[in-house]
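Below is one structure, written out as structure tokens; the observations come after it.
The values are calculated or read from the model by the stated rules, or taken from the named source; none is laboratory data. The structure presented is a predicted model; accordingly, all values stated were derived computationally and were not measured. Every residue, glycine as well, gets a Cβ built from its backbone with ideal geometry; the counts of neighbours run over all protein chains shown.
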């Protein structure tokens, strides 16, 4: 739960940074279309991998998917 809280705090900071000072995130703009278009494919792949894997690998899949969601929300 603590890790989830840290992820939410980091997400909030990124969203505030984007709102008030978008220059640090500007390097992601060329990839915005690819990140947004691939949402359902990435979601289904993450769900499938999450259900097929065991404990440690599930954490890795979840962490990678959360990083993707951060990118999706920020870009």
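Annotations for the structure displayed:
- Residue match in the range 46-63 (condition: within 11 Å of the chain's Cα centre (by Cα) and at pLDDT 85 or above): yes
- Residues of the range 10-48 that are over 15 Å from residue 68 (Cα atoms) and touching a helix residue (DSSP H, G or I) at 6+ places or on another chain (Cβ under 6 Å): 18 alone.
- Taken over the range 9-24, the residue count meeting the criterion of being assigned to a helix (DSSP H, G or I) and exposed (fewer than 11 other Cβ atoms within 10 Å of the Cβ) is 8.
- When each of 40, 27 is tested for being in a helix (DSSP H, G or I), under 14 Å from the mean Cα position of the chain (by Cα) and loosely packed, with under 10 Cβ neighbours inside 10 Å, the lone residue that passes is 40.
- Of the residues making up the range 46-68, just one is under 22 Å from residue 6 (Cα atoms) and either touching a residue at least 40 places away in the same chain (Cβ under 8 Å) or outside any helix (DSSP H, G or I) (or both), namely 66.
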